[in-house]
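Here's the structure, in structure tokens; my notes come after.
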Amino acid sequence: MAQEAHASSEGAAPAGGRAAYSVLVRFGPVIGLAFLCLVLSVTSEAFLNPANLINVARQVSINAIIAAGMTFVMISGGFDLSVGSVMALSGVVGIMAMNAFGDAAGILIMLAVALSCGLWNGLLVAFARINAFVATLAGMTIYHGIALVVTDSFPVTRFGGWYRNFGQGHLFGLPIPIYVLIIVYVVAHIVLTRTAFGTSVYAVGGNEEAARLSGINVERIRTSVFTICGFGVGIASLLIIGRLQSAQANMGIQAELDAIAAVVIGGTSLAGGEGRVFGTLAGAFTIGVLNNGLNLHDISAHWQLVAKGVVIALAVIIDRQLVHRQ
Amino acid sequence: MSALLTMEGISKAFPGVQALSKVDFEVIPGEAHALIGENGAGKSTLIKILAGVHRRDAGEIRFEGNDYRVANPHEALAMGVAVIYQELNLVQKLTVAQNIFLGHEPLHRAGFVATREMNARAGEILKELGISIDPRTPVEALGVAQKQMVEIAKALSRASRILVMDEPTAPLTQSEIEVLFRVIAGLKEQGLGIIYISHRLDEVFQIADRVTVLRDGERVHSSEVSETQIDRLVLAMVGRRLAEEEPPLEVPEDAPVALEAEGLSDGRVVQDISLQVRAGEVVGLAGLIGSGRSEFAHLLFGSEAAAGGEARLMGETLSGGVPQRIAAGLGMVPEDRKLQGLVMQLLVKENSTLATLDKYTTGGFIRRPAHESRVQEIIAELRIATRGPRQSVKALSGGNQQKVILSRWMDTGARALIFDEPTRGVDVGAKAEIYALIRELQKRGVAILMISSDLPEVLRISNRVIIIRNGRVAGELSRKEATQEKVLRLMMGADESDNGV
Ligand SMILES: Nc1ncnc2c1ncn2[C@@H]1O[C@H](COP(=O)(O)OP(=O)(O)OP(=O)(O)O)[C@@H](O)[C@H]1O
Ligand SMILES: [Mg+2]
């Protein structure tokens, strides 16, 4: 019942076969993920090893956090291609700022940079009415360019400092990124399903005109979702630089593709108006588990790309079929 | 004459509702068979089965003597069965001609679309319908009524055996309706079968030969039109007698002006409109399509920017956009429920409180129990036929969707409301409920500006009628003075009225 804001049919006990369908549609991404895990646990002994699973979760957390913000943008009917560049820019600025002002101030500065990039994207889309694809494509090049300029295209490093815990630390035996991941998803889910803001995001994506005529401040909502997305990228970037103890202008390349793939596999409509963050989480894990499985089977990175593409297409086809049947 | 189409024992269930049970329906060549019934009676479902949109659960359909099975609308069109759906289905970005010929574009020998021929043929069909739209205009630039005429043109270009019209006249005004009826008469002469769905019973008597009434998914009445009367049809539809119509409430002499426009113009259609609506007064706004009524409403509501003039509410100048004006106590029900009213992906509860969500939140969080129980009350008050606050609005019948949009403004504490075609596509029973609601709002001292193309309705519930022509106020009639003829004459311009309206 948590995801009722966009269930394609009633939540309260529809007739048998249809109930099965709506469950399939709602939990489709999770079922797909479970199936994939089942196959891997049979074909590979290493897969179910706790160390392997924890490792997968830690790797997935970066993309999943970016994808959570992307879900907001895509439910509102938008798109953000600049997340990879925002990650690079906030990462290099973060390292440099920490070197100059210490960890706490540096982290605040890097989050502020990421948030500002998102805000700028949002302002362009909402107020200058530039198509989201174009606005964020421009952002993608600009932020990447700035990152190259400030680092002169050399990597920047910071060895030592407590900020590394965000990437390398453990708590009760689990890596910190997994905790961050859980917090981000719980907050995102609550915001989307339980707040007036969340409902407005769905309304703007579903029917902008109706939202506007109901007094929803469409521009503000659009700006906010991009800002949220940018902030999420900042958090993801912190996890990465904490692990690598360095950053460079070329990191995060193609991060937007993985994030959008996770959202789409998770069942969010490209047209806007529907979607769930937990679908996105399942989508991100599907990609991560798939990569891991192919690694365990010694299949080359090149084939991993192909497999990822096939899974994206399959997920969308199945989703469409189920929704259509309803 | 042998039947063109026979539907026997058609049944169809949706989750939680039996939309149709064992319905029989028949059309013979050259007849118009009217299908009427309350909102949610199953009319649209029946024709969607015919059109291949829905699959029937049970029943037989025979078409020209043969078994009729279509899997999708495309196959139905190929058989010569064309449908004008209740909701507009045009591609906004394409031109009028592209929409009319969507899916069956005339082609050059090389396989390219013969654009010039397509535009020319579209132009002819439009001319037949008596409308002057350039076929190259993008559909998004048209008003609702013009879009409806394009839908009609689109269906006309494809119907060779049966033409189904699901409330074709809802967005149209008198003069277009007359053109449409002439076209229908012509099609009947050519031997087509017409299925005609409408909530306006007078139209049924004007153009239909037979009439079938559905109630709760069952056929409850079927007869020749010449052998029945309005009262009997209404009784069959609603299963009870409706309360007597009450005249509108008198507005107290000392009621203050609540909503006021002074010299509003948008620099395009609307030219310098001034009017006043007093607290507790219903002012009807009449006018032809394209006269600028809806555009004026958007200027008042702040959803379009005014080029000149100002709007005032309770004496205060209204500035800013929609959110500010809603906060000041204004509300509007827009004319196109699919494009401007509903968010189809959301549920009834969210749609009915889209303008008032903040009332049900604490620190931004929605208080679900309070929210849902209030929506439950609204559903009961307006008698919205839905399984509950958590039903998806997509599954509601057209009339009930309209009620959901109306319900949005019940709770805002609005001082003035603008209703643009509030009863479009709403059945007789629900219409009476909406009129009762308007009276209730009137009693609370809400000023109401109502745009409607249904003239008898305007005359029935307005205290005053203001007529708009070419973006200007063409006249104003008090309730006592206003007659259908006078209003029409002002709508059309005095010189045209001489050669018959
Ligand atoms: N896609 C759907 N899913 C679930 N229920 C549906 C769907 N379409 C229609 N219904 C339900 O079937 C019933 C009949 O609806 P239908 O649209 O045929 O009514 P109608 O007679 O055309 O009403 P109106 O005059 O309001 O257009 C209603 O109870 C409606 O809620
Ligand atoms: Mg209908």
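Can you tell me which condition residue A:267 does not meet? The list is (1) over 14 Å from the mean Cα position of the chain (by Cα); (2) assigned to a loop (DSSP other than H, G, I, E, B); (3) under 30 Å from residue B:404 (Cβ atoms), and all the others hold.
Result: residue A:267 passes all but (1).
Can you tell me which residue within the range B:371-390, out of those that are at pLDDT below 90 and within 16 Å of ligand 1 (Cβ to nearest atom), is most open to solvent (accessible area, probe 1.4 Å)?
Residue satisfying both the conditions and the ranking: B:383.
Failed condition for residue A:141, given (1) surrounded by 17 or more Cβ atoms within 10 Å (Cβ to Cβ); (2) part of a helix (DSSP H, G or I), with all others met?
Tallying (1) surrounded by 17 or more Cβ atoms within 10 Å (Cβ to Cβ); (2) part of a helix (DSSP H, G or I), residue A:141 fails exactly one: (1).
Residue pairs, Cβ under 8 Å, 6 or more apart or interchain, first in the range B:383-400 and touching a residue at least 12 places away in the same chain (Cβ under 8 Å) and at positive phi, second assigned to a loop (DSSP other than H, G, I, E, B) and more than 13 Å from ligand 2 (Cβ to nearest atom). List them.
Cβ pairs passing all conditions: B:388/A:10; B:388/A:12.
For residue B:348, indicate whether it is under 26 Å from residue A:275 (Cβ atoms), more than 9 Å from chain A (Cβ to nearest Cβ) and open to solvent by less than 10 Å² (accessible area, probe 1.4 Å).
Numbers: under 26 Å from residue A:275 (Cβ atoms): yes; more than 9 Å from chain A (Cβ to nearest Cβ): yes; open to solvent by less than 10 Å² (accessible area, probe 1.4 Å): yes.
Considered against the rule, which asks whether it is under 26 Å from residue A:275 (Cβ atoms), more than 9 Å from chain A (Cβ to nearest Cβ) and open to solvent by less than 10 Å² (accessible area, probe 1.4 Å), residue B:348 comes out as yes.
Do we find that residue B:219 is open to solvent by 10 Å² or more (accessible area, probe 1.4 Å) and away from ligand 1 (no atom under 14 Å from the Cβ) in this structure? Break it down into steps so the answer makes sense when it comes.
Values: open to solvent by 10 Å² or more (accessible area, probe 1.4 Å): yes; away from ligand 1 (no atom under 14 Å from the Cβ): no.
Against the criterion (open to solvent by 10 Å² or more (accessible area, probe 1.4 Å) and away from ligand 1 (no atom under 14 Å from the Cβ)), residue B:219 does not qualify.
Let me confirm something: among B:341, B:308, B:413, which residue is within 16 Å of ligand 2 (Cβ to nearest atom) and under 30 Å from residue B:260 (Cβ atoms)? Before the answer, list the steps.
Numbers: B:308 fails: within 16 Å of ligand 2 (Cβ to nearest atom); B:413 fails: within 16 Å of ligand 2 (Cβ to nearest atom).
From the options B:341, B:308, B:413, the qualifying one is B:341.
Looking at residue B:211, is it within 16 Å of ligand 1 (Cβ to nearest atom), part of a strand (DSSP E or B) and either modelled with pLDDT of 90 or more or within 16 Å of residue B:170 (Cβ to Cβ) (or both)?
Numbers: within 16 Å of ligand 1 (Cβ to nearest atom): yes; part of a strand (DSSP E or B): yes; either modelled with pLDDT of 90 or more or within 16 Å of residue B:170 (Cβ to Cβ) (or both): yes.
Answer is yes for this residue.
The rows are residues; the columns are (1) more than 14 Å from chain A (Cβ to nearest Cβ); (2) open to solvent by less than 40 Å² (accessible area, probe 1.4 Å).
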{"residue": "B:402", "(1), (2)": "no, yes"}
{"residue": "B:424", "(1), (2)": "yes, yes"}
{"residue": "B:471", "(1), (2)": "yes, yes"}
{"residue": "B:484", "(1), (2)": "yes, no"}
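Determine if the range B:137-144 includes at least one residue that is within 14 Å of chain A (Cβ to nearest Cβ), more than 16 Å from ligand 2 (Cβ to nearest atom) and within 23 Å of residue B:397 (Cα to Cα).
Here is the first cut: in the range B:137-144, the residues within 14 Å of chain A (Cβ to nearest Cβ) are B:140, B:144.
Next, only the ones that are more than 16 Å from ligand 2 (Cβ to nearest atom) stay: B:140, B:144.
Subset that is within 23 Å of residue B:397 (Cα to Cα): B:144.
Checking the range B:137-144: at least one residue is within 14 Å of chain A (Cβ to nearest Cβ), more than 16 Å from ligand 2 (Cβ to nearest atom) and within 23 Å of residue B:397 (Cα to Cα).
May I ask you to list the residues in the range B:281-306 that are in contact with a Lys or Arg (Cβ under 9 Å, 6 or more places away or on another chain), open to solvent by less than 10 Å² (accessible area, probe 1.4 Å) and of a type in the set (A, V, I, L, M)?
Answer for the range B:281-306, where residues must be in contact with a Lys or Arg (Cβ under 9 Å, 6 or more places away or on another chain), open to solvent by less than 10 Å² (accessible area, probe 1.4 Å) and of a type in the set (A, V, I, L, M): B:282, B:283, B:285, B:286, B:300.
Filter the range B:310-337 for residues that are in a helix (DSSP H, G or I) and open to solvent by less than 30 Å² (accessible area, probe 1.4 Å) and give the result. Even if it seems obvious, please write down each step before you answer.
In the first step, residues of the range B:310-337 are kept if they are in a helix (DSSP H, G or I); the result is B:322-328, B:337.
B:322, B:325, B:326, B:337 - these are the residues of the range B:310-337 that are in a helix (DSSP H, G or I) and open to solvent by less than 30 Å² (accessible area, probe 1.4 Å).
Would you pick out the residues in the range B:19-42 that are closer than 14 Å to residue B:215 by Cα and more than 16 Å from ligand 2 (Cβ to nearest atom)?
B:21, B:22, B:24
Based on this model, can you work out whether residue B:460 counts as within 16 Å of ligand 1 (Cβ to nearest atom) and either open to solvent by 10 Å² or more (accessible area, probe 1.4 Å) or touching a Cys at 6+ places or on another chain (Cβ under 7 Å) (or both)? Give the steps one after another, and end with the answer.
On the way: within 16 Å of ligand 1 (Cβ to nearest atom): no; either open to solvent by 10 Å² or more (accessible area, probe 1.4 Å) or touching a Cys at 6+ places or on another chain (Cβ under 7 Å) (or both): yes.
When the stated conditions are applied, residue B:460 does not pass them.
Quick test for you: out of B:426, B:393, pick the one residue that is within 16 Å of ligand 1 (Cβ to nearest atom) and modelled with pLDDT of 90 or more.
Values: B:426 fails: modelled with pLDDT of 90 or more.
Exactly one residue qualifies, and that residue is B:393.
Please determine whether any residue of the range B:359-370 is of a type outside the set (Ser, Thr, Tyr), open to solvent by 10 Å² or more (accessible area, probe 1.4 Å) and touching a residue at least 60 places away in the same chain (Cβ under 8 Å).
Just the residues of the range B:359-370 that are of a type outside the set (Ser, Thr, Tyr), to begin with: B:359, B:363-370.
Still in the list and also open to solvent by 10 Å² or more (accessible area, probe 1.4 Å): B:359, B:363-370.
Now restrict to residues that are touching a residue at least 60 places away in the same chain (Cβ under 8 Å): none.
No, the range B:359-370 contains no residue that is of a type outside the set (Ser, Thr, Tyr), open to solvent by 10 Å² or more (accessible area, probe 1.4 Å) and touching a residue at least 60 places away in the same chain (Cβ under 8 Å).
The rows are residues; the columns are (1) facing chain A (nearest Cβ under 9 Å); (2) among the charged types (D, E, K, R).
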{"position": "B:296", "(1), (2)": "no, no"}
{"position": "B:308", "(1), (2)": "no, no"}
{"position": "B:326", "(1), (2)": "yes, no"}
{"position": "B:331", "(1), (2)": "yes, no"}
{"position": "B:343", "(1), (2)": "yes, no"}
{"position": "B:357", "(1), (2)": "yes, no"}
{"position": "B:367", "(1), (2)": "no, yes"}
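If you check A:312, A:253, A:318, A:240, which single one turns out to be in a helix (DSSP H, G or I) and under 28 Å from residue A:155 (Cα atoms)?
Numbers: A:312 fails: under 28 Å from residue A:155 (Cα atoms); A:253 fails: in a helix (DSSP H, G or I); A:318 fails: under 28 Å from residue A:155 (Cα atoms).
Selected residue: A:240, the only one of A:312, A:253, A:318, A:240 that is in a helix (DSSP H, G or I) and under 28 Å from residue A:155 (Cα atoms).
Sort through B:236, B:170, B:185 and tell me the only one that's within 16 Å of ligand 1 (Cβ to nearest atom) and without any contact (Cβ under 8 Å) to a residue 24 or more places away in the chain. Let's see the steps before the verdict.
On the way: B:170 fails: without any contact (Cβ under 8 Å) to a residue 24 or more places away in the chain; B:185 fails: within 16 Å of ligand 1 (Cβ to nearest atom).
Testing whether each residue is within 16 Å of ligand 1 (Cβ to nearest atom) and without any contact (Cβ under 8 Å) to a residue 24 or more places away in the chain leaves just B:236.
Given the conditions (1) open to solvent by 10 Å² or more (accessible area, probe 1.4 Å); (2) away from ligand 2 (no atom under 16 Å from the Cβ), which single one is not true for residue B:85?
(2)
Taking helices (runs of 4 or more DSSP H) that fall entirely within the range A:149-233, which contain at least 2 residues that are surrounded by fewer than 21 Cβ atoms within 10 Å (Cβ to Cβ) and more than 14 Å from every other protein chain (Cβ to nearest Cβ)? Quick ask: steps written out before the conclusion?
Values: elements: A:165-168, A:176-194, A:196-206, A:208-213.
Per the criteria, A:165-168, A:176-194.
So which of B:113, B:144, B:139, B:179 is farther than 28 Å from residue B:423 by Cβ and not charged (D, E, K, R)? Step through it out loud before you land on a result.
On the way: B:144 fails: farther than 28 Å from residue B:423 by Cβ; B:139 fails: farther than 28 Å from residue B:423 by Cβ; B:179 fails: farther than 28 Å from residue B:423 by Cβ.
Testing whether each residue is farther than 28 Å from residue B:423 by Cβ and not charged (D, E, K, R) leaves just B:113.
Just the residues that are within 16 Å of ligand 2 (Cβ to nearest atom) and open to solvent by less than 50 Å² (accessible area, probe 1.4 Å), please, taken from the range B:43-59. Full working, then the answer.
Initially, the range B:43-59 is screened for residues within 16 Å of ligand 2 (Cβ to nearest atom), giving B:43-51, B:53-54.
Matches in the range B:43-59: B:43, B:44, B:45, B:46, B:47, B:49, B:50, B:51.
Between residues in the range B:32-59 that are assigned by TED's automatic domain parsing to the domain that holds residue B:401 and within 12 Å of ligand 1 (Cβ to nearest atom) and residues that are open to solvent by 10 Å² or more (accessible area, probe 1.4 Å) and part of a loop (DSSP other than H, G, I, E, B), which pairs lie under 9 Å by C-beta distance while being six or more apart or on different chains?
Correct list of pairs: empty, since none qualify.
Examine the range A:24-40 for a residue that is within 14 Å of chain B (Cβ to nearest Cβ), touching a helix residue (DSSP H, G or I) at 6+ places or on another chain (Cβ under 9 Å), modelled with pLDDT under 95 and surrounded by 19 or more Cβ atoms within 10 Å (Cβ to Cβ), and state whether such a residue exists. Break it down stepwise before answering.
Taking the range A:24-40 and keeping what is within 14 Å of chain B (Cβ to nearest Cβ), we get A:25-26.
In the following step, the residues that additionally are touching a helix residue (DSSP H, G or I) at 6+ places or on another chain (Cβ under 9 Å) were identified as A:25-26.
The next check asks that each one be modelled with pLDDT under 95; those that pass are A:25-26.
Checking the rest, the ones that are also surrounded by 19 or more Cβ atoms within 10 Å (Cβ to Cβ) come to A:25-26.
Yes.
Exactly one condition in (1) within 16 Å of ligand 1 (Cβ to nearest atom); (2) surrounded by fewer than 16 Cβ atoms within 10 Å (Cβ to Cβ); (3) within 14 Å of chain A (Cβ to nearest Cβ) is not met by residue B:71; state its number.
(1)
So is residue B:47 under 22 Å from residue B:170 (Cα atoms) and assigned to a strand (DSSP E or B) or not? First the steps, then the outcome.
Details: under 22 Å from residue B:170 (Cα atoms): yes; assigned to a strand (DSSP E or B): no.
It is false that residue B:47 is under 22 Å from residue B:170 (Cα atoms) and assigned to a strand (DSSP E or B).
The values are calculated or read from the model by the stated rules, or taken from the named source; none is laboratory data. Bear in mind the structure is a predicted one, so any value in this text is a computation, not a measurement. Ideal geometry is used to build each Cβ from the backbone, glycine not excepted, and the neighbour counts take in all protein chains shown. The area values use the complete protein model at the heavy-atom level, side chains included, leaving out ligands, DNA and RNA. Shrake-Rupley method; radii C 1.70, N 1.55, O 1.52, S 1.80 Å.
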